[in-house]
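The structure appears right after this line, and notes come after that.
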Amino acid sequence: MTREEVLEILTEIFQDVFDDDEIELTDATTADDIEDWDSLEQINLVVACEKKFNVKFDMKEIQALKNVGEMVDTILSKVQ
């Protein structure tokens, strides 16, 4: 799986979780860039990502994520 494929899938997940088809992710996207991204939605995102990519994140990994690019890197490290 390529970085671009992961980012494309993440974009679909974010659009679904936040019910906003206008969301376009970049590596630099953070919670500050998406209006409804709060701690509850973070949990929903993590669960959706775990299901879609068939991976598990531990709490330390989740807390260390600073932006979408780091999320992509973490997913790639788990699926390859």
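The values are calculated or read from the model by the stated rules, or taken from the named source; none is laboratory data. Predicted model only: the values in this text are computed from it and were never measured. Cβ placement follows ideal geometry from the backbone for every residue including glycine, while neighbour counts extend to all protein chains displayed. Protein only, heavy atoms only, side chains kept; ligands, DNA and RNA dropped before computing areas. Shrake-Rupley method; radii C 1.70, N 1.55, O 1.52, S 1.80 Å.
If we scan region 18-27, do we find a residue that is among the polar types (S, T, N, Q), surrounded by fewer than 17 Cβ atoms within 10 Å (Cβ to Cβ), modelled with pLDDT of 95 or more and touching a Leu at 6+ places or on another chain (Cβ under 9 Å)? Even if it seems obvious, please write down each step before you answer.
Going through region 18-27, the residues among the polar types (S, T, N, Q) turn out to be 26.
Then keep just the ones that are surrounded by fewer than 17 Cβ atoms within 10 Å (Cβ to Cβ); that gives 26.
Restricting the remaining residues to those that are modelled with pLDDT of 95 or more gives 26.
After this cut, where a residue has to be touching a Leu at 6+ places or on another chain (Cβ under 9 Å) as well, the list is 26.
Checking region 18-27: at least one residue is among the polar types (S, T, N, Q), surrounded by fewer than 17 Cβ atoms within 10 Å (Cβ to Cβ), modelled with pLDDT of 95 or more and touching a Leu at 6+ places or on another chain (Cβ under 9 Å).
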Boolean, Gln63 is at pLDDT 95 or above and in a helix (DSSP H, G or I): no
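Hey, any hits in region 49-67 for a residue that's out of contact with any Cys (no Cβ under 8 Å at 6 or more places or on another chain), polar (S, T, N, Q), open to solvent by less than 80 Å² (accessible area, probe 1.4 Å) and within 11 Å of Val17 (Cβ to Cβ)?
Filtering region 49-67 for residues out of contact with any Cys (no Cβ under 8 Å at 6 or more places or on another chain) gives 49-54, 56, 58-67.
Narrowing the set further to residues that are polar (S, T, N, Q) leaves 54, 63, 67.
Among the residues that remain, those that are also open to solvent by less than 80 Å² (accessible area, probe 1.4 Å) are: 67.
Of the ones still in play, those that are also within 11 Å of Val17 (Cβ to Cβ) are none.
Looking through region 49-67, none of the residues is out of contact with any Cys (no Cβ under 8 Å at 6 or more places or on another chain), polar (S, T, N, Q), open to solvent by less than 80 Å² (accessible area, probe 1.4 Å) and within 11 Å of Val17 (Cβ to Cβ).
Is one or more of the residues making up region 18-39 in a helix (DSSP H, G or I), closer than 19 Å to Leu76 by Cα and under 13 Å from the mean Cα position of the chain (by Cα)? Walk me through how you get there before you give the answer.
Taking region 18-39 first, the residues in a helix (DSSP H, G or I) are 31-33, 39.
Among the residues that remain, those that are also closer than 19 Å to Leu76 by Cα are: none.
No, region 18-39 has no match at all.
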Examine region 44-58 for a residue that is modelled with pLDDT of 95 or more, assigned to a loop (DSSP other than H, G, I, E, B) and of a type in the set (Lys, Arg), and state whether such a residue exists. yes
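Out of the residues in region 1-13 that are in contact (Cβ under 8 Å) with a residue 40 or more places away in the chain and assigned to a helix (DSSP H, G or I), which is most open to solvent (accessible area, probe 1.4 Å)? So that I can check it myself, show each step before the final result.
Of all residues in region 1-13, those in contact (Cβ under 8 Å) with a residue 40 or more places away in the chain come to 1, 3, 6-7, 9-10.
Going one step further and asking which of them are assigned to a helix (DSSP H, G or I), we end up with 3, 6-7, 9-10.
Numbers: Arg3: 74, Val6: 0, Leu7: 39, Ile9: 34, Leu10: 0 Å².
Taking the candidates together, the pick is Arg3.
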